[in-house]
1. Scan segment 208-224 and report the pairs whose first residue is assigned by TED's automatic domain parsing to the domain that holds TRP155 and whose second residue is of a type in the set (Val, Ile, Thr) and not in a strand (DSSP E or B), with Cβ atoms within less than 6 Å and a gap of 6+ or a chain change.
2. For ASN149, all conditions in the list (1) more than 21 Å from the chain's Cα centre (by Cα); (2) touching a residue at least 24 places away in the same chain (Cβ under 8 Å) hold save one; what is the number of the exception?
3. Filter segment 210-236 down to the residues that are among the aliphatic types (A, V, I, L, M) and surrounded by fewer than 14 Cβ atoms within 10 Å (Cβ to Cβ) and list them by number.
4. If I ask for residues that are in contact with a strand residue (DSSP E or B) (Cβ under 9 Å, 6 or more places away or on another chain) and surrounded by 11 or more Cβ atoms within 10 Å (Cβ to Cβ), which ones from segment 134-144 would you list?
5. Taking VAL114 as the residue in question, decide whether it is surrounded by fewer than 16 Cβ atoms within 10 Å (Cβ to Cβ) and under 26 Å from PRO38 (Cα atoms).
6. May I ask you to list the residues in segment 82-110 that are closer than 27 Å to GLN40 by Cβ, loosely packed, with under 14 Cβ neighbours inside 10 Å and touching a Pro at 6+ places or on another chain (Cβ under 9 Å)?
7. Condition (residue is of a type in the set (A, V, I, L, M), under 18 Å from SER122 (Cα atoms), in the same structural domain as GLU23 (by TED's automatic domain parsing) and surrounded by 20 or more Cβ atoms within 10 Å (Cβ to Cβ)) applied to segment 45-63: is it met by at least one residue?
Amino acid sequence: MSEINDIEWAATDEELQSAPDQENLPKQMSDAPSFGPPPQPDTHYIFTVPDAPPKVTKKVIGGVERMQAVFEGDNCLLGNPGNFRLRFRFSNAPSYEGKALVDGGKALYFATAVGIKVKNLSNAAYKTAVESAAGRKFRADISWEATCNSEKDVWVVTELEDGTRKFETLAGIKGDGREFRLKGFTHKSGKKAGQEVYEFQRNADGTYANETYYAMPDPRGGGGYLNVIIRPYPVLQNLRPVD
């Protein structure tokens, strides 16, 4: 990933002559990835863009070089209520929102939510829009997602005889790919057709627990199970203007 300099990125004549339609965007359905301590899922959050510009890089997505903006470190978004900091990244790669393919993807939704007009469809135009958003506010919903990554070692907890718990990763034992969301469902089509998605556990007061535990069959054999820990990460959805 290379840093963006002040030079203009290459863009086709069509991209330079066309401005995105920000007045008639379809409802944003897909999630914008985000990172950080998980505030409770809700629809009433207001985020403030930091004064310092985000880290803006080039990233090849689907074989095309795109702009990617990353709010992290001292440049995290500030969310309220709760006065929490949230990492957030997005690109201007096209994204499907329901059945509609939206050119500009989540970068276009971000620019529209903070009230910035995007000049055209080029990477440079989106870079300018993102960097001019300092101090602006937008609304967004927070949801949770998690997957027991089948390419990473699992994280488990063991109950010890003295009543304490031991947390550790098990080297060489990978996750089983189990997915978690706020509401469970079964994939209806595609590569995951028939695969079940599970719900996060809740606390006694009805809030969602920061940790979800489940029994995964121990692949080492013997008929045992591993007490696997899943921690959610928050995702931003439905970016929109404050007013």
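1. That search, which allows pairs on different chains as well, returns nothing.
2. (1)
3. If we filter segment 210-236 for residues that are among the aliphatic types (A, V, I, L, M), which is where we start, we get 215-216, 226, 228-230, 235-236.
If the condition is that a residue be among the aliphatic types (A, V, I, L, M) and surrounded by fewer than 14 Cβ atoms within 10 Å (Cβ to Cβ), then ALA215 is the only one that fits.
4. We begin by selecting, within segment 134-144, every residue in contact with a strand residue (DSSP E or B) (Cβ under 9 Å, 6 or more places away or on another chain); these are 135-144.
Of everything in segment 134-144, those that are in contact with a strand residue (DSSP E or B) (Cβ under 9 Å, 6 or more places away or on another chain) and surrounded by 11 or more Cβ atoms within 10 Å (Cβ to Cβ) turn out to be ARG136, LYS137, PHE138, ARG139, ALA140, ASP141, ILE142, SER143, TRP144.
5. Details: surrounded by fewer than 16 Cβ atoms within 10 Å (Cβ to Cβ): no; under 26 Å from PRO38 (Cα atoms): yes.
For VAL114, the condition - surrounded by fewer than 16 Cβ atoms within 10 Å (Cβ to Cβ) and under 26 Å from PRO38 (Cα atoms) - is not met.
6. Across segment 82-110, the qualifying residues are GLY82, GLY98.
7. Within segment 45-63, the subset of a type in the set (A, V, I, L, M) is 46, 49, 52, 56, 60-61.
Restricting the remaining residues to those that are under 18 Å from SER122 (Cα atoms) gives 56, 60-61.
From what's left, in the same structural domain as GLU23 (by TED's automatic domain parsing): 56, 60-61.
From what's left, surrounded by 20 or more Cβ atoms within 10 Å (Cβ to Cβ): none.
Checked segment 45-63: no residue is of a type in the set (A, V, I, L, M), under 18 Å from SER122 (Cα atoms), in the same structural domain as GLU23 (by TED's automatic domain parsing) and surrounded by 20 or more Cβ atoms within 10 Å (Cβ to Cβ).
Residues are listed down the side, and each one gets a yes or a no for (1) modelled with pLDDT under 95; (2) buried (at least 17 other Cβ atoms within 10 Å of the Cβ); (3) over 22 Å from GLU199 (Cα atoms):
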| residue | (1), (2), (3) |
| --- | --- |
| SER132 | yes, no, yes |
| ALA146 | yes, yes, no |
| GLU151 | yes, no, no |
| VAL154 | yes, yes, no |
| LEU160 | yes, no, yes |
| ARG165 | yes, no, yes |
| ALA171 | yes, no, yes |
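The values are calculated or read from the model by the stated rules, or taken from the named source; none is laboratory data. Predicted model only: the values in this text are computed from it and were never measured. Every residue, glycine as well, gets a Cβ built from its backbone with ideal geometry; the counts of neighbours run over all protein chains shown.
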